[in-house]
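**Student:** Encoded as structure tokens, here's the structure I'll be asking about.
The values are calculated or read from the model by the stated rules, or taken from the named source; none is laboratory data. Bear in mind the structure is a predicted one, so any value in this text is a computation, not a measurement. Backbone-built Cβ (ideal geometry, glycine too); neighbour counts: all protein chains shown.
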Amino acid sequence: MLGYIKDEELMQQYLKCNLVMVTAEYGEGFGLPIIEGYLFNKPVIASNKCAIPEVIISKKYLFENNSNNLILKLNEIQNNYIEYNFRKYYDKKFSNNVILAKYKNIYLNLQK
């Protein structure tokens with residue numbers, strides 16, 4: 001909703017927020033805001049669309065794209081929030097070292 005903002009301001013927004021919400025209806029690919037939220041150890045809720053279910057930490061953080069379901073999900077997260085280390089999930093699945101190792105493996109398999 002902010003439009004384009006510089007990386008420094010984006011980092012400040014992630015540091016200040018309590019939750020990251022990613023809504024999508026069409027064409028959402030990898031879901032970079034989800035990964036960025038985890039990098040800053042924030043819970044992320046997101047639409048149950050496109051590739052988002054493949055990236056999100058758990059299906060319990062997904063919602064259907066309507067206002068009632070979104071409000072229910074926000075209330076559920078607020079009332080049943082369990083402290084979780086989202087950054088640990090990021091490090092295990094999406095850190096630079098993990099991604100580089102995957103690319104290296106693909107490259108080495110192509111060379112065979």
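**Student:** Search the stretch 89-112 for residues that are surrounded by 11 or more Cβ atoms within 10 Å (Cβ to Cβ) and pair each with any residue that is of a type in the set (D, E, K, R) and in a helix (DSSP H, G or I) when their beta-carbon atoms are under 8 Å apart and the residues are at least 6 apart or on different chains.
**Tutor:** Val98/Asp91; Val98/Lys92
**Student:** Suppose we keep only residues that are of a type in the set (A, V, I, L, M, F, W, C) and in contact with a helix residue (DSSP H, G or I) (Cβ under 6 Å, 6 or more places away or on another chain) within the stretch 29-55. Which one would you say is nearest to Lys93 (Cα to Cα)? Outline the logic, then answer.
**Tutor:** Of the residues in the stretch 29-55, the ones of a type in the set (A, V, I, L, M, F, W, C) are 30, 32, 34-35, 39-40, 44-46, 50-52, 55.
Still in the list and also in contact with a helix residue (DSSP H, G or I) (Cβ under 6 Å, 6 or more places away or on another chain): 34, 39-40, 44-46, 55.
Details: Ile34: 12, Leu39: 11, Phe40: 14, Val44: 15, Ile45: 18, Ala46: 18, Val55: 9 Å.
The residue in question is Val55.
**Student:** Then there's this: Please go through the stretch 1-16 and pick out each residue that is of a type outside the set (Ser, Thr, Tyr) and surrounded by 13 or more Cβ atoms within 10 Å (Cβ to Cβ).
**Tutor:** Going residue by residue through the stretch 1-16, those that are of a type outside the set (Ser, Thr, Tyr) are 1-3, 5-13, 15-16.
Passing the criteria: Leu10, Met11, Gln13.
**Student:** I'm trying to understand the selection: among the residues of the stretch 37-73, which are hydroxyl-bearing (Ser, Thr, Tyr) and in contact (Cβ under 8 Å) with a residue 40 or more places away in the chain? Working first, answer last.
**Tutor:** Here is the first cut: in the stretch 37-73, the ones hydroxyl-bearing (Ser, Thr, Tyr) are 38, 47, 58, 61, 67.
Of everything in the stretch 37-73, just one residue is hydroxyl-bearing (Ser, Thr, Tyr) and in contact (Cβ under 8 Å) with a residue 40 or more places away in the chain, namely Tyr38.
**Student:** Only residues that are touching a helix residue (DSSP H, G or I) at 6+ places or on another chain (Cβ under 7 Å) and either at pLDDT below 90 or over 19 Å from Gln78 (Cβ atoms) (or both): list them for the stretch 15-28, please.
**Tutor:** Across the stretch 15-28, the qualifying residues are Ala24, Glu28.
**Student:** Working only within the stretch 18-31, note down all residues that are over 13 Å from Ile45 (Cα atoms) and either touching a residue at least 40 places away in the same chain (Cβ under 8 Å) or of a type outside the set (Gly, Ala, Ser) (or both).
**Tutor:** In the first step, residues of the stretch 18-31 are kept if they are over 13 Å from Ile45 (Cα atoms); the result is 25-30.
Hits for the stretch 18-31 are Glu25, Tyr26, Glu28, Phe30.
**Student:** Additional query: Condition test on Ile45, is it closer than 27 Å to Glu8 by Cα and either of a type in the set (D, E, K, R) or at pLDDT 90 or above (or both)? Talk me through it step by step, then tell me what you get.
**Tutor:** Numbers: closer than 27 Å to Glu8 by Cα: yes; either of a type in the set (D, E, K, R) or at pLDDT 90 or above (or both): yes.
For Ile45, the condition - closer than 27 Å to Glu8 by Cα and either of a type in the set (D, E, K, R) or at pLDDT 90 or above (or both) - is met.
**Student:** For the list (1) at pLDDT 90 or above; (2) closer than 21 Å to Ala51 by Cβ; (3) within 16 Å of the chain's Cα centre (by Cα), I need the number of the one condition that Asn66 fails.
**Tutor:** (3)
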